[in-house]
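Just below is one structure, and these are the notes that go with it.
The values are calculated or read from the model by the stated rules, or taken from the named source; none is laboratory data. The shown structure was predicted, so the numbers you read here are calculated from the model rather than taken from an experiment. Here Cβ is always computed from backbone atoms with ideal geometry, including for glycine, and neighbour counts include all displayed protein chains.
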Amino acid sequence: MALIPLAGLWPARAELGTQMATVAAWLTFAVAMTLRRRAMPSGVPLAARLTLLAAVCAALLGLCALTWRWVEAPAQRLGRRLIRRAEPVPQKR
């Protein structure tokens, strides 16, 4: 039973990213199995949970907007410039 995680790493022996993802998945599973008998806290009022959800969504949308503004849009402009520069100039006959 303990060799099953190692068997999952064998097909991805040349790819570090796949190995790390497999190890992370097995570690998550192991932690969840260790904590499965513990009681989960459930005394948080609904209003507090909804407020936290709204705050997380607002923060996420704000970060998405900043990422678009400072990463995605400049990268698209750069890509368009590089494509224009690489296109062949039409020859006049």
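Just wondering, is there one or more residues in the stretch 26-36 that are outside any helix (DSSP H, G or I) and modelled with pLDDT of 80 or more?
Yes - at least one qualifying residue is present in the stretch 26-36.
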Can you confirm whether T51 is among the polar types (S, T, N, Q), farther than 30 Å from L3 by Cα, under 21 Å from the mean Cα position of the chain (by Cα) and assigned to a helix (DSSP H, G or I)? no
Which residue pairs have Cβ atoms closer than 9 Å, lie 6 or more positions apart in sequence or on different chains, and pair a first residue in the stretch 14-29 that is hydroxyl-bearing (S, T, Y) with a second residue that is part of a helix (DSSP H, G or I)? T18/L9; T18/P11; T18/A12; T22/P5; T22/G8; T22/L9; T22/A12
